[in-house]
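A.B. asks: Handing you a structure now.
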Amino acid sequence: MNSNYLLVMAGGIGSRFWPSSRKAKPKQFHDILGTGKTLIQGTIERFSDLLPKENIMIVAHRDYKKLILEQLPSLEERNLVLEPQGKNTAPCIAYGAQKALMEDENASLIVCPSDHIIKEREKFIDQVKKGLGASSSENKLITLGIQPSRPDTGYGYIKFDQGGRTEEKKVLQFTEKPNSEKAEEFLASGDYLWNSGIFIWKASTIMDEMKAHLPDLYNSFNAIKNKIGTNGEASAIEGVYSKCESISIDYGILERSNDVWVIPSEFGWSDLGTWKALYEMVEKDEDQNHITGEIKTYDVRNSLIKSDDGKLIVAEGLDGYIMIQEGDVTMICRKENEQMVKTFVENLKKDNRKDKFL
């Protein structure tokens, strides 16, 4: 019987959640929703009944080793898949798959981001189990697709064939974030799902796909597989990452493979990618504000205001704003212009004197 492994991708910076999310402590290590748990803690807890903790792998930059072990004290160093540098999702998935294969040649792998929200855990686990069954018995690449509720331009979309008698449906096309017109078209057709970024497959299947579509990456990891689990692992991985291409699993494999399937799902999912997405999820007061921290408002509506460390914010006359105070930064932006947060970060990167604020 094959073992199930969980690969949690925790390497992103989450720049659209700046200034809370920064290099020293990215979004996944914050209690964004005010639940008493950080996003990564919630992710690990979600799978607590599905597999033993020994089969959990957290993949992240090695700089986050201490932070991960502090927030997930039940895990050990052996649970960590530490990258010397970020190279997008295909290399980190290859690394995790290779580690799982060294323990079980029939291992199944659940791959998920560390910073998503799932409100209906039991429904989610049921879908994961279906994906494990389909991927292990027929060597399919499975993704969980979310039934779209609006023409959102912030998500990738999956076009699928609604025919067939199984719950998993053949994927016909992946589309990156569309414009508003396309998103409306996708929603109206009923043939599209949001791409959740949650994948299920056998470790051997994804490595076979990499051999076919990303041969250089496959060969690099295959050449060092005997180093994994030894004292030579870190230096071997350093060598692989110094040379390998930075490429996403979506572009490198899923858009090229002929054996990708999607399970249409609804389990209260959000990738919680932006401050506006957070605003839409959380409870609001009678003025449609969501306020966290020491805040005094006067004639403020439809806004998200957050202050840390007991610092006081006094705001007057705002309507539809995001105001975030975190440490040495206060960021104010209209909700409708939330895409500017990424621009703020990019511009600060260009000014070396401002690097301390990132």
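A.B. asks: Can you tell me which residues in region 312-327 are of a type outside the set (Gly, Ala, Ser) and either without any contact (Cβ under 8 Å) to a residue 24 or more places away in the chain or open to solvent by 90 Å² or more (accessible area, probe 1.4 Å) (or both)? Please lay out each step first, then the result.
C.D. replies: Within region 312-327, the subset of a type outside the set (Gly, Ala, Ser) is 312-314, 316, 318-319, 321-326.
Answer for region 312-327, where residues must be of a type outside the set (Gly, Ala, Ser) and either without any contact (Cβ under 8 Å) to a residue 24 or more places away in the chain or open to solvent by 90 Å² or more (accessible area, probe 1.4 Å) (or both): Leu312, Ile313, Val314, Glu316, Leu318, Asp319, Tyr321, Met323.
A.B. asks: For region 76-125, which residues satisfy the criterion of being under 20 Å from Arg46 (Cβ atoms), aliphatic (A, V, I, L, M) and assigned to a helix (DSSP H, G or I)?
C.D. replies: Ile93, Ala100, Ile125
A.B. asks: Considering each of Leu33, Leu75 in turn, give the residue that is surrounded by 14 or more Cβ atoms within 10 Å (Cβ to Cβ), in contact with a strand residue (DSSP E or B) (Cβ under 8 Å, 6 or more places away or on another chain) and modelled with pLDDT of 95 or more.
C.D. replies: Numbers: Leu33 fails: modelled with pLDDT of 95 or more.
After ruling out the rest, the residue left standing is Leu75.
A.B. asks: Can you find even one residue in region 284-300 that is surrounded by fewer than 19 Cβ atoms within 10 Å (Cβ to Cβ), among the hydrophobic types (A, V, I, L, M, F, W, C) and in a loop (DSSP other than H, G, I, E, B)?
C.D. replies: no
A.B. asks: A further question on this structure: Conditions first: (1) out of contact with any helix residue (DSSP H, G or I) (no Cβ under 7 Å at 6 or more places or on another chain); (2) closer than 28 Å to Gly229 by Cα; (3) surrounded by fewer than 22 Cβ atoms within 10 Å (Cβ to Cβ). Lys99 passes all but one, so which condition is the exception?
C.D. replies: Against the list (1) out of contact with any helix residue (DSSP H, G or I) (no Cβ under 7 Å at 6 or more places or on another chain); (2) closer than 28 Å to Gly229 by Cα; (3) surrounded by fewer than 22 Cβ atoms within 10 Å (Cβ to Cβ), Lys99 comes up short only on (3).
A.B. asks: Among the numbered criteria (1) open to solvent by 20 Å² or more (accessible area, probe 1.4 Å); (2) part of a helix (DSSP H, G or I), which one does Ile206 miss?
C.D. replies: (1)
Residues are listed down the side, and each one gets a yes or a no for (1) surrounded by 22 or more Cβ atoms within 10 Å (Cβ to Cβ); (2) farther than 16 Å from Phe267 by Cα; (3) under 16 Å from the mean Cα position of the chain (by Cα):
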position: Val111; (1), (2), (3): yes, yes, yes
position: Ile118; (1), (2), (3): no, no, yes
position: Asp126; (1), (2), (3): no, no, no
position: Lys129; (1), (2), (3): no, no, no
position: Asn139; (1), (2), (3): no, yes, no
position: Ile142; (1), (2), (3): yes, yes, no
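A.B. asks: Look through region 301-311, keep the residues that are part of a loop (DSSP other than H, G, I, E, B) and at pLDDT 95 or above, and return whichever of them is least open to solvent (accessible area, probe 1.4 Å).
C.D. replies: Filtering region 301-311 down to residues part of a loop (DSSP other than H, G, I, E, B) leaves 302-303, 308-311.
Still in the list and also at pLDDT 95 or above: 302-303.
Working: Asn302: 51, Ser303: 0 Å².
The extreme case among them is Ser303.
A.B. asks: Additional query: Condition first: surrounded by fewer than 16 Cβ atoms within 10 Å (Cβ to Cβ), touching a Leu at 6+ places or on another chain (Cβ under 8 Å) and among the charged types (D, E, K, R). Now tell me which residues in region 209-258 satisfy that.
C.D. replies: Hits for region 209-258 are Lys225, Glu245.
A.B. asks: Got a sec? Which of Ser21, Ser3 is surrounded by fewer than 18 Cβ atoms within 10 Å (Cβ to Cβ), in contact with a helix residue (DSSP H, G or I) (Cβ under 7 Å, 6 or more places away or on another chain) and either among the small types (Gly, Ala, Ser) or in contact (Cβ under 8 Å) with a residue 12 or more places away in the chain (or both)?
C.D. replies: Just a single option satisfies the conditions, and that option is Ser3.
A.B. asks: Let me ask something else. Considering only residues that are under 16 Å from Gly12 (Cβ atoms) and in a loop (DSSP other than H, G, I, E, B), which ones fall in region 267-283?
C.D. replies: Within region 267-283, Asp271, Leu272, Gly273, Thr274 qualify.
A.B. asks: Output yes when any residue across region 247-266 is part of a loop (DSSP other than H, G, I, E, B) and more than 23 Å from Thr89 (Cα to Cα), and no when none is. Break it down into steps so the answer makes sense when it comes.
C.D. replies: Step one: of region 247-266, the residues part of a loop (DSSP other than H, G, I, E, B) are 247-248, 255-259, 266.
Filter again for more than 23 Å from Thr89 (Cα to Cα), leaving 266.
Yes, some residue in region 247-266 is part of a loop (DSSP other than H, G, I, E, B) and more than 23 Å from Thr89 (Cα to Cα).
The values are calculated or read from the model by the stated rules, or taken from the named source; none is laboratory data. Here the structure is a predicted model, which is why all the values come from computation and not from measurement. Virtual Cβ from ideal backbone geometry, glycine too; neighbours counted across all protein chains shown. Protein only, heavy atoms only, side chains kept; ligands, DNA and RNA dropped before computing areas. Shrake-Rupley method; radii C 1.70, N 1.55, O 1.52, S 1.80 Å.
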